[in-house]
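Following: one structure in structure tokens, then a few remarks.
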Amino acid sequence: YFTASKWAIRHETLMFKDPTRDERPVAVDVAVRFDKEMQADAGMIKLPVAILNHGNTVKFTEYSFLANVFAARGYLTVSIQNDLPSDGPMVTKVGELYVGRLPQYQRGITNIKFAIEEMKKRQPNADYSKLTMVGHSNGGDIAMYFAKQYPDEIKKVVTLDNLRVPFMTDG
């Protein structure tokens, strides 16, 4: 879908297909202020990038209220659908690393990396080298795990109710 809000924020849903994973669909909702996008397109600025990670089974567009907050502050906000109905159920396994959710975190990171590469083609005037990673619940765990794996690519991490991946205390 494509919408514009009263704050001059443009939302657009894009569907990417990852050829390295059997054409796995990776849907993203992009939110950006019109004026900031025009400045970036003119080469005047580089848009900071915020990646939003939703909780388990929550649709990526349901975080548009949060995407609007970041977009209003000048970010190119990318909200990624990390889980699909065809994915197996997430099972909690007490005693295992991250209670058995590591495959979901790794899939989320793969989705993020793929979506960033696709976004570079669509919006090349954004700063993908230092990301603001935002996540809620399982998405917060994905955000923290991404930050742990790629600390040099992180500017900030904002989590809401993440439970299983510890906060970084250095880096």
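The values are calculated or read from the model by the stated rules, or taken from the named source; none is laboratory data. Note that this is a predicted model, so its numbers are computed, not measured. Don't worry about glycine lacking a Cβ; one is built from the backbone with ideal geometry, like all the others, and counts go over all protein chains shown. Accessible surface is based on the protein model in full, side chains and every heavy atom, while ligands, DNA and RNA are left aside. Shrake-Rupley method; radii C 1.70, N 1.55, O 1.52, S 1.80 Å.
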(request) Quickly run through the stretch 34-80 and pick out the residues that are of a type in the set (Val, Ile, Thr), in a helix (DSSP H, G or I) and open to solvent by 60 Å² or more (accessible area, probe 1.4 Å). (result) Val69
(request) Could you give me the residue pairs with C-beta distances under 6 Å whose first residue belongs to the stretch 29-44 and is farther than 12 Å from Arg10 by Cβ and in contact (Cβ under 8 Å) with a residue 24 or more places away in the chain, whose second residue is in a loop (DSSP other than H, G, I, E, B) and open to solvent by less than 60 Å² (accessible area, probe 1.4 Å) wherever it lies, and which are 6+ apart or on separate chains? (result) Ala40/Asn125
(request) Output the number of residues of the stretch 116-168 satisfying the condition of being hydroxyl-bearing (Ser, Thr, Tyr), modelled with pLDDT of 95 or more and over 27 Å from Arg33 (Cβ atoms). (result) 0
